[in-house]
Amino acid sequence: MSKEFDVLVIGGGPGGYVAAIRAAQLGFKTACCESNPYADPKGEPRLGGTCLNVGCIPSKALLHTSHLFEEAGHGFEAQGITVGTPKIDVAKMIARKSGIVDQLTGGIKGLFKKNKVTLLNGHGSFVAQAGEGWQVKVGDEVVTAKQVIVATGSKARHLPGIPVDNKIVCDNVGALDIDAVPKKLAIIGAGVIGLEMGSVWRRLGADVTILEAMPDFLAAADLDVAKEALKVFTKQGLKLQLGVKIGEVKAAKKGVSIAYTDKDGAEQKLDADRLIVSVGRVPNTDGLNAEAVGLKLNDRGMIEVDGHCRTNLPGVWAVGDVVRGPMLAHKAMEEAVMVAELMAGQAGHCNFDTVPWVIYTSPEIAWVGKTEQQLKGEGVAYKVGKIPFLANGRALGMGETTGFVKMIADAATDRILGVHIIGAGASELISEAVVAMEFAGCSEDLARICHAHPTLSEVVHEAALACDKRPLHF
Ligand code: FAD
Ligand code: NAI
């Protein structure tokens, strides 16, 4: 007998599990199917998708451990602490990371139980329209649902001629499970994964070279931030080569050899113990049977949706990495809640202009809204308030004086258009900017808000004051 639901969510990542929980909270009889590609010792479905299993959470766990290692080796001495030469137990670090992943993925199962979401173990693919709903094959059975939310996420893009075995040549999956500090690590792609994973292994002692095709570093970030980041990361020892063209890559049991052309057109060769390929991600739409039911994809293979995540098919929605927009967990979750609330007749809302970006390097990088170069391109008149962390007492006390907060506001209305941070705690500080922008705030609003002293948030306060050329401590 076919199982019938009000809502079926395909995919159990941040887009899918949040959509399922919110739909169930709103009274829909909800199921979520997960094709379970992640290794689980008990062979059970693992929820949490890329984010929890092989993305946000494990990468941040490794970033934290490696940061502590670097602090112990190089940061403590300046504060009068002697601990000797620290040693890293990679197996223990990886086991800790995996334990966190297990705890969180298991926690989502608990949330499904609490919210009465049915978990179906299997790959979901469309069969046909059934009355006002849809038939979807999940594993060996066919499920019927009045509405379907596709949240199948993304996977690493691979390069032709560079087979990934996740031992010597890794994508994000293998990069999070490297079992010993490589002497030499090569990375193709100086994007978010390249910088975060490059930082992890550099801190632990690897000689890391990142080969990037684009001539500009971190092109999506504000130019001032990108320049500062390039300076700091280079000083830390990350070897960043921009404007390269990758040639033949030869992988063997013990290492890899990469031929490339550098920015000046010279032929080069890089030998390394491991290679991480981090050149972006592609949507998971294969195997959905999208064509058979007429589900429209764009030329990059993403499901086409409108601003409310409606596809071209009635009662079929799509959220997260499988649709346009930044591939970020919090963006997926925002869309998920919006869709569930729209299905319930509520005013679902997702403001794509205030989705923040964070890169968890040291120092951290975070931004929301427009960059200065974007505003120049659009011909918008703006003013800038920029304050260094060096001028902040808390940052000095912490020994974290690198970087700045840069606030950009409309020259005529004072409305905040963008906030760009490179510095300690940027991942937390950016929330204040997001709240201000979400409520159409002006720099004057933030300038008039009392910020606790001494805190790093005072740098945001001073940047707001600096928009009106009246900083108090700089
Ligand atoms: P996914 O998380 O990819 O989940 C999709 C799920 O659907 C998967 O579990 C998959 O198995 C399942 N599935 C696919 N097809 C089917 C099918 N046909 N039937 C059933 N199930 C199916 N984002 C941040 O915001 N912050 C970060 O710090 C961050 N760090 C990252 C670090 C790394 C190394 C990587 C790779 C990504 C990182 N991201 C980060 C991005 C984040 O992981 C994704 O944006 C987020 O996971 C997208 O959620 P999603 O639900 O759309 O897709
Ligand atoms: P990315 O899009 O961030 O960076 C890919 C980089 O590879 C780009 O700089 C690109 O120019 C370069 N590139 C592409 N083809 C190349 C080639 N042939 N040779 C050399 N360089 C090449 O993608 P990345 O790092 O793989 O991460 C994927 C996505 O995962 C991110 O875009 C982001 O959405 C998400 N993510 C988010 C994180 C966060 O929020 N902190 C952390 C990690 C990933």
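Key figures for this structure:
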{"quantity": "Ranked packing of 260-271, 211-222, most packed first, by mean Cβ within 10 Å", "calculated": "211-222, 260-271"}
{"quantity": "Added length on full extension, which subtracts the Cα-Cα distance from 0.36 nm per residue, K113 to H64", "calculated": "14.5 nm"}
{"quantity": "Net +/- balance of residues flanking R310 in space, Cβ distance below 14 Å, scoring K and R +1, D and E -1", "calculated": "-2"}
{"quantity": "Region 203-332 - Debye-derived log10 I(q)/I(0), Cα point model, q = 0.11 Å⁻¹", "calculated": "-0.63"}
{"quantity": "Solvent-accessible heavy-atom area per residue, rounded to whole Å², over region 169-279 at 1.4 Å", "calculated": "44"}
{"quantity": "Dipole in debye (nearest 20) - the chain, about Cα centre, beta carbon charges: Lys, Arg +1; Asp, Glu -1", "calculated": "800"}
{"quantity": "Rounded to the nearest 10 Å², the accessible area of T209 at probe 1.4 Å", "calculated": "10"}
{"quantity": "Distance between modelled label sites at N312 and V355, nm, 7 Å Cα→Cβ extension", "calculated": "2.2"}
{"quantity": "Reachable lysines, given that their alpha-carbon falls under 21 Å from the alpha-carbon of K254 and they are not under 8 places away in the same chain", "calculated": "K167, K183, K184, K269"}
{"quantity": "DSSP bridge orientation in region 169-279 - percent antiparallel, rounded to nearest 5", "calculated": "45"}
{"quantity": "Computed over region 169-279: relative contact order in percent, which uses C-alpha pairs under 8 Å that are six or more apart", "calculated": "35"}
{"quantity": "Region 354-467 - percent relative contact order, Cα under 8 Å, separation 6 or more", "calculated": "31"}
{"quantity": "The chain - percent relative contact order, Cα under 8 Å, separation 6 or more", "calculated": "14"}
{"quantity": "R324-K269 pseudo-label distance in nm [points 7 Å out on the Cα-to-Cβ vector]", "calculated": "4.6"}
{"quantity": "Mean Cβ count within 10 Å, highest first, over the residues of peptides 344-350, 19-25, 42-48, 384-390", "calculated": "19-25, 384-390, 42-48, 344-350"}
{"quantity": "Ordering of 75-82, 360-367, 4-11 by packing [mean C-beta count within 10 Å, highest first]", "calculated": "4-11, 360-367, 75-82"}
{"quantity": "Top positive-direction residue, dipole computed over the chain with Cβ charges, set V380, G15, M93", "calculated": "M93"}
{"quantity": "Across K227/K253; K42/K109; K92/K227; K97/K370, pairs whose alpha-carbon gap is larger than 26 Å", "calculated": "K227/K253; K92/K227; K97/K370"}
{"quantity": "Mean accessible surface per residue for region 371-460, computed with a 1.4 Å probe while every protein chain stays in place, in Å²", "calculated": "44"}
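The values are calculated or read from the model by the stated rules, or taken from the named source; none is laboratory data. Since we're looking at a predicted model, the values are computed, not measured. Glycine gets a Cβ as well: all are built from the backbone with ideal geometry, and neighbour counts include every protein chain shown. Heavy atoms of the whole protein, side chains included, go into the accessibility calculation; ligands, DNA and RNA do not. Shrake-Rupley method; radii C 1.70, N 1.55, O 1.52, S 1.80 Å.
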